[in-house]
Structures are given as structure tokens and as C-alpha cells.
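Coordinate-derived values only; no laboratory data. Small disclaimer: the values here were computed from a predicted structure and weren't measured. Reconstructed Cβ throughout: ideal geometry from the backbone, glycine too, with neighbour counts over all protein chains shown.
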Amino acid sequence: MIEALENFLHAVLGMLADVLPIIAVLLFFQLLVLRRAMPNRRRVLVGFVYVLVGMTLFLDGLAEALFPLGRLMAEQLTAPEFIRGAAGNPAGPVAWQDYGWVYAFGAAIGFATTVAEPALIAVAIKAELVSGGTISTRGLRFAVAIGVAIGIALGTFRIVTGTPLHWYIMTGYLVAVVQTAFAPREIIPLAYDSGGVTTSTVTVPLVAALGLGLASTIPGRSPLIDGFGLIAFASLFPIMTVMGYAQLGALRAGKWRRRRRKD
């Protein structure tokens, strides 16, 4: 209990040190550059208190729950006895194809955390409003979530096999560049933004903990070299799936128009 309280107070002090520069910059431009009084001072002060308390609780929750949970799941899924039991070969060597549950867990946790990502929900709602309903909130969220799921599964495969990260990233961006040339113009900026907003408050902690946990427990892997990089996969593959989602929609709309002309 005392240790948890000390950790919380340490988080409060750390967050205060992070928030104070933001307050200083805003006050500087408001009072010295614009030379105007701060409107709604009470509301602004209460808002900053909310930010301080909320971010402190969030960071403390990461340290106490999400990071340990991701690391624990990685350790359990990569335990030799579990891997051999799942593969039906209790005494044999462990190969990359025996880590099927690791790939499945990576895909599932990537999909689930992305669907619940607040930043993505906000962008999807705005996209539906601006597009007049052409881009649905649910469709965009699911398209991004499928991309993250594919990316995390492929990223865990990279950690298990120990293959170089740049092979996957260079190939993925090459595919994205080719898609950009053929995707509808109105979806391209949204697709690239979707790759960024999905790696936010909910996704990053679990994904980072999963990568570091895998690299720490799989023999021959280094947490520093192999543990990082999953977030890059989570940012890259939604770009491709969102543009693919738009391309499929455009293809279906073209077929529907051609059918109407024939009728």
C-alpha cells in the first residue's frame, strides 16, 4: 500500500513537471504576445486540474496494470511447456510455426484495443460527418482494426523468427505507395492519419509490453533489438487496409452503376 502511494505521488510530480511547460507556453502567448486576459479563468484552471489528475491516474494505471498484463501474457504464451503442448510435441524442439497462439493473441489484442481507441473514434466520427455518411464510423474503425491486427500478428512473427525489421517496413510502405496511386483521392489523407491515431493511449501500452515480453522470453532475442517495432507495424498496416476498404467500396459502386446502366 505504501509503495503504491509512493508510486502515485511520483507520477503526480512527474506529470506536474510535464504539464507546467504547456501552461507556461499558453500563458506566455496569451498574456505577452496576444496581450489579452485569459477568458474563463476558472474553467481553464479546472480543466488543467482534470488533465493533471486524469493523466496521472492513466500513467499509474499503465505501470500497475497494462504493462504487467502484456508482459505476463507474453511470458505465458511463450513458455516452452505451453508451446510444446499446443503443438502436440511435448519433447521436441520449438519452431516458429509452433507459436500460433502468440500470433493469434497479437492479432486479437491489436483488433480489440484499436476498436476501443478514443483517438480513432474521434477521427471516425469526424470523417463520417465531413463525408456526409459516405465513410461510416464503424466501417472505418473496423478497417483500421483489421490493419492493426494483421500488423501485430506479422510483428510477433518477426520477433519469433528474428528477421530484420526493415524488410517488413520497406515492403509495407512500397505496397502503400502503390495503393496510393490507385486509391480514391478523398480517402488517402484519412488513411495516412488513421495509421497515426490508432497508436495511442489504449493500443501502445499493451503492444509495447507484448513486444518486450516476447523478446525477453524467446531464446536468442534481445528486448532492445527485437522488442521494439510492433508499433511501427500497427501504424503501417492500417494505411493499407483503409485504402483497400475505399478501393473495394469504389469497385462495388462502379459495378452497381454499370448494372443500372444495363437495366
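Observations on the model:
- Each residue of region 240-250 was assigned a 3J(HN,Hα) from its phi angle through the Karplus expression (A = 6.51, B = -1.76, C = 1.60, θ = phi - 60°), giving 5, 6, 5, 5, x, 4, 5, 5, 5, x, 5 Hz with x at Gly and Pro.
- Total charge dipole magnitude, the chain, about the Cα centre, Cβ charges on Lys, Arg, Asp, Glu only, Debye to nearest 20: 1780 debye
- 3J(HN,Hα) from dihedral phi, region 191-208, Karplus parametrisation 6.51/-1.76/1.60, rounded to Hz, x for glycine, proline: 5, 5, 5, 4, x, x, 6, 6, 9, 10, 4, 8, 6, 4, x, 5, 5, 5
- With the simple model of a label 7 Å out from the Cα in the direction of the Cβ, residue 63 to residue 51 spans 2.1 nm.
- Taking the convex hull of Cα positions in region 1-141, its mean projected area over all directions (nm²): 15.0 nm²
- Projecting the Cα atoms of 182, 201, 219 onto the charge dipole of the chain (Cβ charges, centred on the Cα centre) puts 182 farthest toward the positive pole.
- Remark: relative contact order (region 1-65) = 51 percent; criterion is Cα-Cα distance under 8 angstrom and separation of 6 or more residues.
- Spin-label model distance (nm) - residue 79 vs residue 18, 7 Å beyond Cα toward Cβ: 3.3 nm
- Two-site FRET efficiency, residue 129 against residue 180, from Cβ-Cβ distance with R₀ of 22 Å, rounded to 0.05: 0.35
- Considering only 177, 115, 207, the mean-square fluctuation computed in a Gaussian network model of the chain, springs between alpha carbons under 10 angstrom, is largest for 177.
- Sites residue 7 and residue 228, calculated FRET efficiency, Cβ-Cβ separation with R0 22 Å, nearest 0.05: 0.35
- Vicinal HN-Hα couplings computed from phi for region 113-123 (Karplus, 6.51 cos²θ - 1.76 cosθ + 1.60; Hz; Gly/Pro x): 5, 5, 4, 8, 6, x, 5, 5, 4, 4, 5
- Overall form of region 1-65 per C-alpha gyration tensor (a/c, 1.5; a/b vs b/c): prolate
- Sparse-neighbour loop sites [trypsin sites (Lys or Arg not before Pro); region 1-58; at most 10 other C-beta within 10 Å; DSSP]: 35, 36
- Extending 7 Å from Cα along the Cβ direction at residue 121 and again at residue 33 yields two label points whose distance is 3.3 nm.
- Amide H contacts of residue 162 (H built 1.01 Å from N, in plane; Pro and chain starts excluded): no residue 5 or more places away or on another chain comes under 5 Å.
- GNM result for the chain, Cα springs below 10 Å: residue of 77, 13, 34 fluctuating most strongly: 34
- From the coordinates of this entry, volume of the Cα convex hull per residue in Å³ is computed, and it appears in (i) 110; (ii) 199; (iii) 136 under the label (ii).
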